[in-house]
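The structure appears right after this line, and notes come after that.
The values are calculated or read from the model by the stated rules, or taken from the named source; none is laboratory data. Because the structure is a prediction, the values reported are computed rather than measured. Cβ atoms come from the backbone with ideal geometry, glycine included; neighbour counts cover every protein chain shown. Just so you know, the surface numbers come from the protein's heavy atoms only, side chains and all, with ligands and any DNA or RNA stripped out. Shrake-Rupley method; radii C 1.70, N 1.55, O 1.52, S 1.80 Å.
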Amino acid sequence: MFGHGTYLFYTLIFTLPLIGFLWFFYRPILRPCLKKILGLSLLATFYGFLVWPYGLKMSCWGYSEAKILNITLFGVVLEDIVWWFLVTWLLISFVTVSLHFENRKQSFLASLIKNAFRVLRLIFPFLKTSRSQTDGLTLAVF
Amino acid sequence: MTNYLRFILIFIWTPLIILGGLNFELLVRYRKTLLLTIFFTLLFGIPWDALSVGTKLWWYNLSPTLGNWYFLGLPIEEFILTMSFPILVGCLVFTFIKKDKS
């Protein structure tokens, strides 16, 4: 569907909205850790850069040449590098926020659900529920 | 042992065991965070993977996987990797961010 940009498109579409969500709603928690999150993401990306080609060499998986950009960096597919950076950035951000909540004995899951509803209401205005309804639904999950 | 499992063992579980061993206390204390991270990784990662396999962006070799345990076109090793990856990232955070604060 997206030709040579398919891998890149999937990577961006599955990670950027979630990264945006976390950094929008939990910026006060994440902002002070920005340098560490960036440093760790780069470290993890470098590790992925070293080990991921072995997956291809060991025939664990393979890519369709028609769906990747066919740009390689020292034999590593460019999209794999982007994948490692964005996925680790997302996971490190998620773990950092979750630890913050757990330290305060608060529920990160409840906060995630509440904020997800806020986003849904923004995208689909017809889903108008009152604040108390959303809170009730969040409570019902637990 | 299949090639894919060997890959996970060498490149994911080895650093995970080392970092996990160094942060065992934190792993136990923050197990809720790890479980939540694994849950969301599966929630978004598996459909992404299944879509990629379904659209033939990538594929898994049939021979070097654990038998014929397939779900949504994905071998069991992919689920093992998807669940191990957030634990590895969690250990990284414990090692470089959390310890700094404690």
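Just the residues that are free of Cβ contacts under 8 Å to residues at least 24 places away in the same chain, hydrophobic (A, V, I, L, M, F, W, C) and closer than 30 Å to residue A:62 by Cβ, please, taken from region B:8-26.
Hits for region B:8-26 are B:9, B:10, B:11, B:17, B:18.
Tell me the residue from A:95, A:119 that is surrounded by fewer than 17 Cβ atoms within 10 Å (Cβ to Cβ) and either in contact (Cβ under 8 Å) with a residue 40 or more places away in the chain or under 20 Å from residue B:12 (Cβ atoms) (or both), please.
So the residue among A:95, A:119 that is surrounded by fewer than 17 Cβ atoms within 10 Å (Cβ to Cβ) and either in contact (Cβ under 8 Å) with a residue 40 or more places away in the chain or under 20 Å from residue B:12 (Cβ atoms) (or both) is A:119.
Just to be sure, is residue A:18 open to solvent by 40 Å² or more (accessible area, probe 1.4 Å) and more than 10 Å from every other protein chain (Cβ to nearest Cβ)?
No; evaluated as a whole, the condition is false for this residue.
Taking the residues in region B:71-83 that are at negative phi and open to solvent by 10 Å² or more (accessible area, probe 1.4 Å) as candidates, determine which candidate is farthest from the other protein chains (Cβ to nearest Cβ).
Filtering first and then ranking leaves B:71.
Go through A:67, A:57 for me and flag whichever is touching a residue at least 60 places away in the same chain (Cβ under 8 Å), among the basic types (Lys, Arg) and out of contact with any Pro (no Cβ under 7 Å at 6 or more places or on another chain).
Of A:67, A:57, the one residue that is touching a residue at least 60 places away in the same chain (Cβ under 8 Å), among the basic types (Lys, Arg) and out of contact with any Pro (no Cβ under 7 Å at 6 or more places or on another chain) is A:67.
I need the full set of residues from region B:1-33 which are at the interface with another protein chain (Cβ under 8 Å from one of its Cβ atoms), open to solvent by less than 20 Å² (accessible area, probe 1.4 Å) and at pLDDT 90 or above, in order please.
B:7, B:30, B:33
Condition test on residue A:37, is it farther than 22 Å from residue B:49 by Cα, within 11 Å of chain B (Cβ to nearest Cβ) and open to solvent by less than 40 Å² (accessible area, probe 1.4 Å)?
So residue A:37 passes the test.
Could you list, in sequence order, all residues of region A:65-80 that are loosely packed, with under 15 Cβ neighbours inside 10 Å and assigned to a strand (DSSP E or B)?
Of everything in region A:65-80, those that are loosely packed, with under 15 Cβ neighbours inside 10 Å and assigned to a strand (DSSP E or B) turn out to be A:72, A:73.
Any chance you could count how many residues in region B:1-43 are over 22 Å from residue B:60 (Cβ atoms) and either more than 13 Å from the chain's Cα centre (by Cα) or not hydroxyl-bearing (Ser, Thr, Tyr) (or both)?
23
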